[in-house]
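What follows is a set of notes on a single structure, which appears directly below.
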Amino acid sequence: MHLRQAFLNVWFIFPHMLGSPALISSEADKSYSSPIIVVLGATGVGKSSLANVLLGRDKNYKGKEFKNGCFHVSTGLDSITKETCADQGYWMGDTNFQNFTVIDTPGFGDRLVEEEKTIENMVTTLRDEIKYVHVFIIAFKQTDNRMTDSLRSMISLFEKMFGKKFWDNVILEATHWNHGDDAERIRSESHPPLTQKFWSKEFNRILQREFSLGRDLNSVFIDTYYHNKSPKELEVFSNHSRILWEYALSREPFECKDIEIALTEIRELQNHIDSLVKEE
């Protein structure tokens, strides 16, 4: 048996016995399989790569079946994904799992007015087509250890778009977190050591300060570029994937029927970003 399959089978054997909100909510809207997972984050953080891996595709899948760059992984700095797109499949491509839906989204930064049509497309797609979301993954790079103007504007946009309640369905993902021995040694030699616990604590501290959150958010460290011949890296990948899956199954669905973002709010956010840049 393939080593990856062996690890996956350990933690997911009888999905139909879980009786979760995600399974129940699928009756509400049969057009998309539950649970429904939306991947959010800045340009270049690795959203499409993560979405593909969750569906069992190669991390470098080029999205040839999709238009507008959806699920297309590129090494360039510009955003390839131009629209919000959904795809369905088995978790990690394993037919022993139930079907689920993953939604790839464009990256946002500090040019919100220029991205107005992209933002509008996300709103209309989630509100009018998807309708329910179980998990919003907000992906950050391992190196994103401070609240930059771009990150602040992106998260402010999400909060204005979805409202405060969306935080109940958010989980944080640290991308590019290599679990190999050399990478762990380098992180442990930094001051303070960059551990998963430290990263999670710091990001929660920043988010609570900036957005008045009342609780810590869960974090996962799914490395889509893990070495599949390394038992250790494979086990870590499987463990954190399991955490994400179980979180998705545990969430009450977030209803997207009321989400909206006005042009005036986009421009207000852009003006705030511009003023911060001038102050620097």
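Things worth noting here:
- When 71, 66 are checked against the criterion of being aromatic (Phe, Trp, Tyr) and either at pLDDT below 75 or not in a loop (DSSP other than H, G, I, E, B) (or both), a single residue qualifies: 66.
- The set of residues in region 209-240 being more than 17 Å from residue 137 (Cα to Cα), open to solvent by 40 Å² or more (accessible area, probe 1.4 Å) and within 19 Å of the chain's Cα centre (by Cα) consists of 225 alone.
- Taking region 163-174 as the range and being modelled with pLDDT of 95 or more and either surrounded by fewer than 17 Cβ atoms within 10 Å (Cβ to Cβ) or polar (S, T, N, Q) (or both) as the test, the residues that pass are 168, 169.
- Of the set (1) within 15 Å of the chain's Cα centre (by Cα); (2) without any contact (Cβ under 8 Å) to a residue 12 or more places away in the chain, all apply to residue 183 but (1).
The values are calculated or read from the model by the stated rules, or taken from the named source; none is laboratory data. Remember, it's a predicted structure, so these values are computed and weren't measured experimentally. Please note: Cβ atoms are built from the backbone with ideal geometry, for glycine as well, and neighbour counts cover all protein chains shown. Quick note on the areas: whole protein, heavy atoms, side chains included, nothing else; ligands and nucleic acids left out. Shrake-Rupley method; radii C 1.70, N 1.55, O 1.52, S 1.80 Å.
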